[in-house]
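The values are calculated or read from the model by the stated rules, or taken from the named source; none is laboratory data. Not measured: the values here are computed from a predicted model. Note that each Cβ is placed from the backbone with ideal geometry, even for glycine, and that neighbours are counted across all protein chains shown. In case anyone asks, the SASA skips ligands and DNA or RNA and just uses the protein heavy atoms, side chains included. Shrake-Rupley method; radii C 1.70, N 1.55, O 1.52, S 1.80 Å.
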Amino acid sequence: MCGYGPVGRLCDQKLTESGFQVSVVERNLETVETRLDLARRCTFGCAADLGVLRAAGLDHARALVVAISSPERALDACRAARAHRPDLFIAVRMPYCSDGLKAREAGADEVIVDEMVTAVAMRDAVARGVRIDWPLAG
């Protein structure tokens, strides 16, 4: 797990509840110390650094979740992980639609675009607010 903000924490929670061991890469030292105090695996460093990713367990990981907010660092993390582990499933968060294709090119298998998630939520909120009765899926 690269990044431990709201996105990373929710993914960590669900993966841990499902029996997975989650290792986090984080640049916020307080977050790292808190996780370590809770006896949870965490590595301090930049997710774009292959050495940091390997120290966090990349060599044996089943998946990599890139939940950091910086698109440049997220792309670098995808590239580093994909070059080292061509078989690894990589899911990445990107802020804008224009970054989605870049993430695919960098090696991501799944790209979650903040802008699109917000667009769908806003559309649905407006529909509920003005009581429009249309199918909300898709």
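A few remarks follow.
- Candidates L53, L64: the one that is open to solvent by less than 20 Å² (accessible area, probe 1.4 Å), closer than 28 Å to T118 by Cβ and outside any loop (DSSP other than H, G, I, E, B) is L64.
- Taking the conditions (1) touching a residue at least 60 places away in the same chain (Cβ under 8 Å); (2) open to solvent by less than 20 Å² (accessible area, probe 1.4 Å) in turn, G5 satisfies each one other than (2).
- From A91, A80, A48, residue being in a strand (DSSP E or B), open to solvent by less than 70 Å² (accessible area, probe 1.4 Å), at pLDDT 90 or above and small (G, A, S): A91
- Any hit, segment 119-132, residues being assigned to a loop (DSSP other than H, G, I, E, B), open to solvent by 70 Å² or more (accessible area, probe 1.4 Å), of a type outside the set (V, I, T) and at pLDDT 90 or above: no
- Any hit, segment 110-118, residues being of a type outside the set (D, E), open to solvent by 90 Å² or more (accessible area, probe 1.4 Å) and part of a helix (DSSP H, G or I): yes
- Residue within segment 14-24 that is in contact with a helix residue (DSSP H, G or I) (Cβ under 8 Å, 6 or more places away or on another chain), at pLDDT 90 or above and either open to solvent by 100 Å² or more (accessible area, probe 1.4 Å) or not in a helix (DSSP H, G or I) (or both) present: yes
- Residue in segment 82-92 that is more than 16 Å from the chain's Cα centre (by Cα) and of a type in the set (G, A, S) present: yes
- Condition check for L38: modelled with pLDDT under 95 and not aromatic (F, W, Y): yes
- Looking across segment 67-77, not a single residue is open to solvent by 50 Å² or more (accessible area, probe 1.4 Å), small (G, A, S) and in a helix (DSSP H, G or I).
- Extreme residue, surrounded by the most Cβ atoms within 10 Å (Cβ to Cβ), among residues of segment 29-45 that are in contact (Cβ under 8 Å) with a residue 12 or more places away in the chain and over 16 Å from I68 (Cα atoms): R35
- Any hit, segment 77-86, residues being among the small types (G, A, S) and touching a residue at least 60 places away in the same chain (Cβ under 8 Å): yes
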